[in-house]
1. Please identify the cysteines of chain A that lack any partner cysteine with a Cβ under 4.7 Å from their own Cβ.
2. Per residue of chain B, what 222 nm ellipticity follows from adding -39500 (n - 2.57) for every DSSP H run with n ≥ 4, rounded to the nearest 500?
3. Relative contact order (percent) for the range B:124-223, with alpha-carbon contacts under 8 angstrom and 6 or more residues of separation?
4. Taking the alpha-carbon centroid of each part, what is the distance from the range B:136-164 to the range B:6-82 in angstrom?
5. Which whole number gives the average count of other chain Cβ atoms within 10 Å of the Cβ atoms across peptide B:18-30?
6. Defining a contact as two alpha carbons under 8 Å apart and six or more residues distant in sequence, what relative contact order in percent does chain B show?
7. Just B:Gly151, B:Gly162, B:Gly120 to compare: in a GNM of chain B, with alpha carbon springs under 10 Å, which one fluctuates most?
8. GluC sites (Glu not before Pro) within the range B:6-81: which are DSSP loop residues with at most 11 other Cβ atoms inside 10 Å?
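The values are calculated or read from the model by the stated rules, or taken from the named source; none is laboratory data. Bear in mind that the values here come from a model prediction, so they are computed numbers and not experimental data. Cβ atoms come from the backbone with ideal geometry, glycine included; neighbour counts cover every protein chain shown. In case anyone asks, the SASA skips ligands and DNA or RNA and just uses the protein heavy atoms, side chains included. Shrake-Rupley method; radii C 1.70, N 1.55, O 1.52, S 1.80 Å.
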Amino acid sequence: MRVKALETILTEKGLIDPAALDEIIDTYENRIGPRNGAHVVARAWADPAFRAALLEDATAVVSELGYYGRQGEHMVAVENTDDVHNMVVCTLCSCYPWPLLGIPPGWYKSDAYRARAVREPRKVLADFGVTLPEDTAVRVWDSTAELRYLVIPKRPAGTEGLDEAALMDLVTRDSMIGTGLAITP
Amino acid sequence: MSRVHDMGGRFGDGPVVPEPETEVFHADWHPRALAVTLACGSLGQWNIDTSRHARERLSPKDYAAFSYYEKWTAALADMLVDKGVLTSEELASGHAAGPSSLATRKLASDAVAGVLARGGPADRPAQTDVHFAVGDEVRTRRHAHNAFVDGGHTRLPDYAAGAVGRIVRMHGHHVLPDAAAHGLGEQPEPLYGVAFPASELWARPEHPRDEVLLDLWQSYLEPAT
């Protein structure tokens, strides 16, 4: 495997430390993932002042929760409503908000998603089993700069009594990219 | 004009295949490829725009055939050789010919958390006039091209070239990738969120109120009227 050969040469030259590689992998396999984003969304659903602050300056708000970092230096939160459904793509590569959602899923990096999300978002949503009401408009955010987008999905009906931890369980990764909806309990 | 990575709007790619949230990597070597690439970033020989450009300039045949992490690994090897960090002989033999003078910059395992947490912000102090305001109508460059280097890196996708949109957000000044990818300095410019009606971009938009939004640098834009 080519990467193994590269790792060997770079280690022999003193340029990489295999223990540092293990540390990087552990970070993205076990510590940083979509539960971070779900925490932010659940709090936005539960706390109107937090929601308002998040929509105003997402970078500052998620930083306070410890979710600042590589590929999340400039965050914007966009909110789904009855009127507008937001969806995020990076047509030119695969930019994605790592500190909030982790490493992007395979489909997010696929040619099919990168090619189609901007031109036929509803047909892409159909691949995920999602159908929007006819009068809902779609806004597709193509991540062409270092801004990274987090979708705040609509809070499902019948969740009024749930606390933040219970709400978090309803927030899927795909709902924060805009290719899914939050789970209705 | 467009290059192989610039695939927004393309026809013929087939379905998008969802996958479970628990699936982070799809092969044992994928996390290794990610980690080697990130660790090499600490050597300070390139920036994020250089590395995007390195992936984009893989041959169209390779770009289309390679998986995501194969692109990363191939681009990393190209950059390491281009910058003189490794020689092509070392790559071919699979072993180092000798130690590197860059070894003092090696990313230590106890530094990883700090490096990942600090990230690499792209905003910069204002250096040029801000030409547009929220609500302004703007037209993008007619061709999605790099103004400094023929065939060079740019972040204006071909599907949004020559299109009229409206400014919806101001992001401050950001490093200009068209310059930074080619060793021409950061040349920070105002960066704007621009909304385009789907009907401006596509022959058959799905819905009359749909929009596509892009973040675009000032030099990509001119007043629409």
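1. Isolated Cys, chain A: A:Cys93.
2. Numbers: 8 runs with 64 residues, N = 225.
Value at 222 nm, helices only, nearest 500: -7500 deg cm²/dmol.
3. Taking the mean separation of contacting Cα pairs over the length of the range B:124-223, I get 30 percent.
4. 23 Å
5. Numbers: counts 9, 6, 2, 11, 2, 3, 10, 5, 2, 1, 2, 5, 4.
Across the residues of B:18-30, the mean count of other-chain Cβ atoms within 10 Å is 5.
6. Numbers: 305 pairs, mean separation 41.9, N = 225.
Reported relative contact order: 19 percent.
7. B:Gly120
8. Numbers: sites: B:Glu21, B:Glu23, B:Glu56, B:Glu70; in loops: B:Glu21, B:Glu23.
When the GluC sites (Glu not before Pro) of the range B:6-81 are filtered for loop state and at most 11 Cβ neighbours within 10 Å, B:Glu23 remain.
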